[in-house]
Every structure is written in structure tokens, then in C-alpha cells.
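The values are calculated or read from the model by the stated rules, or taken from the named source; none is laboratory data. Bear in mind the structure is a predicted one, so any value in this text is a computation, not a measurement. Quick reminder, even Gly has a Cβ in these numbers, built from the backbone with ideal geometry, and neighbours come from all protein chains shown. Protein only, heavy atoms only, side chains kept; ligands, DNA and RNA dropped before computing areas. Shrake-Rupley method; radii C 1.70, N 1.55, O 1.52, S 1.80 Å.
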Amino acid sequence: MIKKIVGLTLMTILFLTSCESKKETKSEDVKKERKEQSILPFTADMAETSVIYEVNVRQFSPEGTFAAVTKEISNIKKLGVKILWIMPIYPIGEENRKEGLGSYYSIKDYRGINPEFGTAEDFKKLVDEAHKNGIYVILDWVANHTAWDHPWVKQHPDWYEQDKNGKMHSPYDWSDVVALNFDNKEMRKQMIADMKYWLDDFKIDGFRCDMAHEVPTDFWNEAKPQLANGREIFMLGETEKPDLLANNAFDAAYGWEIHHIMNDIAKGKKNVSAIDAYMDSIPKKWQADDYKLLFTSNHDENSWAGTEYERMGDAVETFAALTYTLPGIPLIYNGQEEDFNRRLKFFVKDSIDRNPTSKMRGVYEKLGELKITNEAFNGAKKAASYERLKTSDDKSILAFKRQKNTTEAYFIANFTKTNKEITVPINGVYKNFMNNEDVTFDATTKLKLKPWEYLILVQKKK
């Protein structure tokens, strides 16, 4: 009898030990899974060192799917990317469709997934993989209009703008979409609920808002606190209206003005004085903690105005470097890292060509490292200071100092098609960040710069 009791006791202990072991293993697995999936909540400070990468899912790969993007997340991370902007992923309207597969910005269902790209689960996997790699995800949101066959058109015609005859209309000449009526409070309420859906169910981290200035400012002011709900989200507005940032509805605006200045300088229509005038105007128009998205290309520019090579020629790398060194947050449009020099078709399938010998991939990786590691190039709400330096030829040469705390750095560039020899008021020995060579300056140094040549000078490590 005693033997039986002992045997049963041993079996019980073994069983309980086994269960406890399995429980601990399962608990460890859960912790491991959470750790793999975790990412710190977004804060404004994280934008200081951020690079944004814009993904055009349809054209990103031959497959044109979420899964294809997910496979490339680790390579995107190597570019120094911290924010992934996904162009619209919603079902595309069929009524009055432009051509082919239609425009991503003609949205048939704000909560739907375009089957062309995959499933909701595929998108969740994309977001999870981005988060595992320390990358935040923002979705393109199109608030100004919907497709003509969006259910709201028939269910709630009063949610749309109407003329005196009660007819709905398209904004501009965009015949595939119909303008929404932001005087309607019920429409606003549903719009905000649909935005919250992506934040809550898919764990995205914010939005890039298309044509944000076409939507009443008070809508964004109403929406932001409801969307954030006690946390911080990243809001990028396609706008150059300062009042959209005044109440923190948006974190960043578009740098269209400086973008067009860069194009004009590359074409010889303007000189460096235009950049100086732009930088001088910022404190007069914007609040101290406002900042811009800086870019040499994006989906609109590439398809409609031309590639950066068409617009900027041999100055492409120099202007790319400028977008990383000026106060602001830089953008890479998918394909730029591949030296891709072709306009992507907008309404039909037209994949990026991958280039294993790409020059710009190495450039963007190096610039990404600069943005992440050097606080003198912080560019958001707590941006490093910007100080224009006088040179012996200020119409041709842009030279400036950036500084934050005790970290300082310099940018010098020849923005012309001719060789220049100039002096610049920098003294000391610095590291040329792009090639790791030492450069010594004093008041008498004659600096020779080739056409479009630039230097990024950082402090030598002691």
C-alpha cells in the first residue's frame, strides 16, 4: 500500500513538474513572441532621426503584393528608414475609372483591402515585420473625396458636395472621384471611425494625409485627439498651410517650395540665393517646432513631372544629401535607391527595375547612418540649429552649420555646373562623413569643388 502511495505521489510530482515546465515554456514563448513583435510607441522625438520610405505596393515588385514588400523590410531598414509610408491599399473604384487598374486615390471602401495586393492578414504581417525591424507604419489617407461607387454615394448623398441642382461633382478634373461635404457632422464622425479602424485593428502608427489642405482645418483638429486617444501618432500632411500644424493636428508638412527651388537650381533657372530666401522665410511663416518633408522625388513627381534624373541631372546625389542635412525629415520614394530612371505609370502595372550595382543605395545607406547617429542633423520638433555661413561665392556655394548641444557639423556644396574655388569660414580638422577622409580648414584654405560636389563635415571622434 505504501509503495502504491509513493508511486502515485511520484507520478503526481512528475506530472505537475511536466505541466509547470510546459507552462513555463509556453510563457517564455509568449514573452519571446511579444518581444519580437514589440516596438516602442511612437513619440515626436523619434522623428528627429527618421527617414521615411514611400511604398507604391503595385509597382514595388513584379508581384505587386504586401508579401513582396514584407520580404524587403530588412533591406529597407538598411537605408536608415524608421517610417514606412504605404500608399493607399483600399479597393479602387470601378465607376468612371481612369484606365487600367485605376488610381489608388479613388477609394471604394475605407475599411477594405485591394485584393490586388493581398489580404488583411498579409497586411498585418507587413506591419508586424516592420515593427520587428523598428520601423513605424503610416497609411495614406484620402479624406477629400471617394470613388463614385463608394457605398456612401447612394446611402448618404448628403455626405457629398452638391451643386444648386443637387448634383455631386468631382474636385478639379479628377473625374474618377467625387468631393465629400465636410459640413456634414455624421460624415466626419464616420470618417474618424474608419481611420481609427486601421490604428486599432492593424496597429499602424499614423497617416500621410492626401491633399490635407483641401479638407477644412477644423476637421483635422477634431480628428487628431480622437485618433491619438492618449498616445502619439505620426501625422504627415500633404500641405504647405502652416495653420494645419498650429494645433498639432499634423507633425510635418510638405516641402514643395524647397523641392521646386532645387529643380530650378539644377536647371540653371535659380541660384543658391533662392535657398537662402527660403530659409529666411521659415521663421516668418512657421512655428519653431514645425518641420517639413524633404524630397527629390515622390509618386506624383516621378509619374507626372519626371524622375529626379530628368529634373536634376548630375545634381541628384547633391540634392539628396541636402534633404538629409537641412532641418526636416527626408523621403525616399521606392526605386530611388535602385538608380531607377524611368517614370512609373500610375494606373497600370509597371514594376521598378532592381539594380544590384546601384550607386544611390550606398549613398542612401550612408546618409541614413548620418541621420541616425549625428544629432547635429536632428530635423523635427527639436531640430538642431541652422546657421548659414558666408563664403566667397554665396550665389554658387551653399555652406551652413548645424549644431545641437555640443555636436556640430557642416554642409558645403557647389550648386553649379562649373568648377569653383572658394573660401569658407571653418577652422579645424573634420571628417568628411561620406568618404571618412580628414579635411583641414583655416581662414586661408582654398577649397576646390567640382560641379555639384558636396562635403558633409563632422567632428572627429576623440
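Quick look at the numbers
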quantity: Cβ-Cβ FRET estimate between Asp194 and Asn419, R0 fixed at 56 Å, reported to 0.05; calculated: 0.50
quantity: R0 of 22 Å, Cβ-Cβ distance Asp394-His260: FRET efficiency to nearest 0.05; calculated: 0.60
quantity: Surface accessible to a 1.4 Å probe, per residue, for the residues of the chain, Å²; calculated: 46
quantity: Region 79-182, dipole about Cα centre (Lys/Arg Cβ +1, Asp/Glu Cβ -1), debye to the nearest 20; calculated: 240
quantity: Within the accessible area of the chain (1.4 Å probe), percent carbon and sulfur; calculated: 51
quantity: Assigned charges on the beta-carbon of Lys, Arg, Asp, Glu; the chain dipole about Cα centre (debye); calculated: 1520
quantity: Cα centroid separation - region 110-129 against region 310-356, whole Å; calculated: 25
quantity: Positive-end extreme of charge dipole, region 397-459 - chosen from Thr418, Tyr454, Phe441 (charges on Cβ); calculated: Thr418
quantity: Percent RCO, i.e. relative contact order, over the chain, from Cα pairs under 8 Å lying at least 6 residues apart; calculated: 14
quantity: J(HN,Hα) series, region 345-355, from Karplus relation 6.51 cos²θ - 1.76 cosθ + 1.60, nearest Hz, glycine and proline x; calculated: 5, 8, 9, 10, 5, 7, 6, 5, 8, 7, 10
quantity: Gyration tensor verdict on region 315-394 (Cα atoms; rounded if a/c is under 1.5, prolate if a/b is larger than b/c, oblate otherwise); calculated: prolate
quantity: Difference of contour (0.36 nm per residue) and Cα-Cα distance, His169 to Arg342; calculated: 58.9 nm
quantity: Residues in region 115-147 reached by a label modelled at Ala67 [backbone nitrogen below 16 Å; 7 Å Cα→Cβ]; calculated: 115-127, 129
quantity: Net length gained if the chain between Ala246 and Asn229 were fully extended (0.36 nm per residue, minus Cα distance); calculated: 4.2 nm
quantity: Förster radius 35 Å - calculated FRET efficiency between Lys203 and Ser351, Cβ distance, rounded to 0.05; calculated: 0.80
quantity: Farthest positive-ward along region 44-383 dipole, Cα basis, beta-carbon charges - from Leu294, Pro216, Pro171; calculated: Leu294
quantity: Phi-based couplings in Hz for region 393-409 (Karplus 6.51, -1.76, 1.60; Gly and Pro marked x); calculated: 8, 6, 7, 9, 10, 9, 10, 8, 10, 10, 8, 9, 6, 9, 8, 10, 7
quantity: Cα-Cα over 25 Å, subset of Lys270/Lys381; Lys267/Lys446; Lys189/Lys285; Lys284/Lys381; calculated: Lys270/Lys381; Lys267/Lys446; Lys189/Lys285
quantity: Within region 397-459: Cβ-based charge dipole about Cα centre, in debye rounded to nearest 20 (Lys, Arg +1; Asp, Glu -1); calculated: 220
quantity: Zero-based 5 Å bins, Cα pair distances in region 280-344, whole percents; calculated: 4, 17, 25, 22, 14, 10, 7, 2
quantity: Which of Thr239, Met195, Asn75, positive extreme of dipole for the chain (C-beta unit charges); calculated: Asn75
quantity: Lysines with Cα under 19 Å of Lys98, excluding same-chain neighbours fewer than 8 positions away; calculated: Lys108, Lys345, Lys349
quantity: Cα gyration tensor shape for region 397-459, rounded if a/c is under 1.5, else prolate or oblate; calculated: prolate
quantity: Antiparallel content of DSSP bridges confined to region 44-383, in %, to 5; calculated: 20
quantity: Ellipsoid equivalent to the chain - semi-axes via the Cα gyration tensor, in Å; calculated: 42, 34, 21
